[in-house]
Amino acid sequence: MEKRKGFKMPSAFTVLFLIIIILWIVTQFIGGSVTPAKLHQLFMAAPKGMVDAIDVSFFVMVLGGFLGVVTKTGALDAGIARLVARMKGKEIMMIPVLMFVFSLGGTSYGMAEETIGFYPMIVATMMAAGFDALTGCSVILIGAALGCLGSTVNPFAVGAGVDAVTSAMGEGFVANQAVLIGLGLILWLTAYVVCTWYVMRYAKKVQANKAATLLSAEEVADSEKEYGKGDNEEVLEFTGKRKAVMVIFAFAFVVMILGMIPWGSFGITIFDSWTGWLTGLPLGQWYFQDLQLWFFLMAIIVGLVYGLKEKEIVDSFISGVADMVSVALVVGVARGISILMAETGLQDYILTAAANALQGVNSGLFASMSYIVYLGLSFLIPSTSGLASGSLPVFGPLAAKLSLSPEVMIMIFVAACGLVNFITPTSGVVMGGLQTSRVEWTTWIKFTAKLLLMLLVIDIIILSVAMMML
């Protein structure tokens, strides 16, 4: 791994600021319904984005504080060492299991920002098992993204899509849930098989030969400094107290997941009567403010259970927050892109132009062309629910007008959004995950390029066949 000479890819912050500048310039020349962005809108895009994303950003920092306290106990290091020792010779099998778990979160409730807390543990585990930081990052980012690509009951994708189409077509339209869930399952499981094979294939190469890594020397050094362990470092004993900390650690994330799944959308009311005592909202209605409180309390409980002193708990919490500040800022700056587009009308202009481009398209090409259009829209508008409410009231009736299935149109939107969310720099989840893993965006693009091409072809075939059959 030789150090790269000459041009070096700018940081995540620079990439995001360049996108904001490019969009600002674009608004100066379009005209029509697009208002040219003022200079102050250019300068204020990132600060407004940080305010708009404050709940997510603060959640990331509190989560960092929780991880800081857990790290102070040594429970993570000891637990990872125990896991790797038990998986000796079978380390590769952690990949399909973990990717399935994250994909399950993606397909069921659109798991995204919640994944950021898992990166330190998973990346460290994969590195300890002989893989690299890119493998650990892939398990989480690709795992959750492939689940979102094949959303089945995800309320932020499928649910938002059905609601948008119904609002445009009237009460006479009743979505066929069998088509939505069935097509989602096909997309999800197909993507899972392809993505798992792809990540495992790379991981095996790295485990056999460290020089096979796609990471630069700088990235390897950064990830080793953050998550790697030296050969002479003492292996911590997995004591009773550390086991208790790991139980609390797992419990904290299980409750987080239960809190974010919208149980009411599935007709499940079991949590309504008894889980609202902590934040005022029952599990299933939690959002990032509720999670901030939850992980703050869990940090304190972890410290007390392990026997840390008050100053040790506070210092380790603050240290953990400091480690996540850059990730929180990346999430905020990424949100600034959407702010600028909304303020200038560029977002609505793009949606209208895309719909007009499909008006005269032959019905046989409609699915593939719509998919390609949604790839571009998803890059510019990373909010899945926002894109659904802004575009599907146009695209759904357009499909029906051509005697095609609005349900398949919804899944075209879902699959395209899911594919773009593997890599888009306008997503705070992508950039935050890479930043936490110490992986550059250009390295990520190089790693995922062939995978995305395979998924693109597979998705278009599945969706085109579905559109013709339904």
Original post:
Can you pull out the chymotrypsin sites (Phe, Trp or Tyr not before Pro) in the stretch 246-281 that DSSP calls coil and that have at most 14 other Cβ atoms within 10 Å?
Top reply: 274, 277
Subject >> Centre separation in Å (Cα based) which lies between the stretch 278-342 and the stretch 123-200 >> reply: 26
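Among the listed pairs 90/210; 205/225; 210/446, which are separated by more than 29 Å between their Cα atoms? Provide the component values of the computation, followed by the final result.
Numbers: 90/210 18 Å; 205/225 22 Å; 210/446 18 Å.
Checking Cα-Cα distances, every pair stays at or under 29 Å.
Going by a ≥ b ≥ c, the root eigenvalues of the Cα gyration tensor, does the stretch 193-349 fall in the rounded group (a/c under 1.5), the prolate group (a/b larger than b/c) or the oblate group? Don't jump to the answer; show the numbers that get you there.
Numbers: a/c = 1.61, a/b = 1.11, b/c = 1.45.
Because a/c hits 1.5 or more and a/b fails to exceed b/c, the stretch 193-349 counts as oblate.
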**OP:** Quote to one decimal, in nm, the extra length available between residue 85 and residue 450 on full extension: 0.36 nm per residue of separation minus the C-alpha distance between them.
**Re:** 128.1 nm
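Kindly identify the stretch 62-128 as rounded, prolate or oblate by the Cα gyration tensor criterion: order the square roots of the eigenvalues as a ≥ b ≥ c, call it rounded if a/c is under 1.5, otherwise compare a/b with b/c, prolate if a/b is larger, else oblate.
Details: a/c = 3.04, a/b = 1.08, b/c = 2.82.
Here the stretch 62-128 falls in the oblate category.
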**OP:** Could you work out how far apart the two model spin labels at residue 189 and residue 309 are, taking each label as a point 7 Å from the Cα in the direction of the beta carbon, and quote it in nm?
**Re:** 5.8
Original post:
All other residues with a Cβ under 14 Å from the Cβ of residue 148 taken together, and with Lys, Arg as +1 and Asp, Glu as -1, what is their net charge?
Top reply: -3
Original post:
Where a ≥ b ≥ c are the square roots of the eigenvalues of the C-alpha gyration tensor, would you call the stretch 211-280 rounded, which needs a/c under 1.5, or, failing that, prolate if a/b is larger than b/c, or oblate?
Top reply: oblate
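Report the local net charge at residue 126: Lys and Arg +1, Asp and Glu -1, summed over other residues whose C-beta lies under 9 Å from its C-beta.
Values: positive: none; negative: 91, 132.
Taking every other residue near residue 126 into account, the sum is -2.
Which longest run of the chain has no exposed loop site in it, a site being trypsin sites (Lys or Arg not before Pro) in a DSSP loop with at most 14 other beta carbons within 10 Å, and the site itself not part of the run? List each step's numbers first, then the result.
Numbers: sites that count: 3, 4, 5, 8, 38, 88, 90, 309.
Looking at the chain, 91-308 is the longest stretch - no exposed trypsin sites (Lys or Arg not before Pro) with at most 14 other Cβ atoms within 10 Å.
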**OP:** Using Cα positions and a limit of under 19 Å, work out the aspartates and glutamates in reach of residue 72, with same-chain residues fewer than 8 apart set aside.
**Re:** 224, 226, 233, 234, 237, 310, 312, 315, 323
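Report the gain in length on full extension from residue 278 to residue 365: 0.36 nm times residue separation, minus Cα-Cα distance, nm rounded to one decimal. If you can, show how the numbers build up before the last one.
Working: separation 87, 0.36 × 87 = 31.32 nm, distance 5.21 nm.
Contour length minus Cα-Cα distance gives 26.1 nm.
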**OP:** Ignoring everything but the protein chains, give the 1.4 Å probe accessible area of residue 298 in square angstrom, nearest 10.
**Re:** 10
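Suppose all protein chains stay in the model; what accessible area per residue would a 1.4 Å probe give for the chain, in Å²? Provide the component values of the computation, followed by the final result.
Working: 20130 Å² over 470 residues.
Dividing the accessible area of the chain by its residue count gives 43 Å².
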**OP:** Give the long-range amide H neighbours of residue 272: residues separated by 5 or more places, or on another chain, with amide H under 5 Å away, using H modelled in the peptide plane at 1.01 Å from N.
**Re:** none
Original post:
For the chain, which whole percent of the accessible surface, found with a 1.4 angstrom probe, sits on carbon and sulfur atoms?
Top reply: 65
Original post:
Relative contact order of the stretch 120-169: what whole-number percent is it, with Cα pairs under 8 angstrom and at least 6 residues apart?
Top reply: 20
Original post:
When the chain is fully extended, how far beyond the present Cα-Cα distance does residue 251 get from residue 297, taking 0.36 nm per residue of separation?
Top reply: 15.3 nm
Original post:
Points 7 angstrom from Cα along the Cβ direction at residue 326 and residue 469: gap in nanometres?
Top reply: 4.8
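List the equivalent ellipsoid semi-axes of the stretch 42-189 in whole Å, largest first, each obtained as the square root of 5λ for an eigenvalue λ of the Cα gyration tensor. If you can, show how the numbers build up before the last one.
On the way: eigenvalues 239, 111, 25 Å².
For the stretch 42-189, the ellipsoid semi-axes come out as 35, 24, 11 Å.
Mind listing which GluC sites (Glu not before Pro) in the stretch 124-225 are in a DSSP loop and have 15 or fewer other Cβ atoms within 10 Å? Don't skip to the answer; put the middle values down first.
On the way: sites: 171, 218, 219, 224; in loops: 171.
Sparse-neighbourhood loop GluC sites (Glu not before Pro): 171.
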Original post:
Near residue 414, within a Cβ-to-Cβ distance under 14 Å, what is the net charge of the other residues, with Lys and Arg +1 and Asp and Glu -1?
Top reply: -3
Original post:
Relative to the longest principal axis of the chain, what angle (0 to 90°, nearest 10) does the C-alpha long axis of helix 39-52 take?
Top reply: 60
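The values are calculated or read from the model by the stated rules, or taken from the named source; none is laboratory data. Keep in mind that this is a model prediction, so the values were computed, not measured. Cβ coordinates were reconstructed from backbone atoms using ideal geometry, including for glycine residues, and neighbour counts include every protein chain displayed. Surface areas here come from the heavy atoms of the whole protein model, side chains and all, with no ligands, DNA or RNA. Shrake-Rupley method; radii C 1.70, N 1.55, O 1.52, S 1.80 Å.
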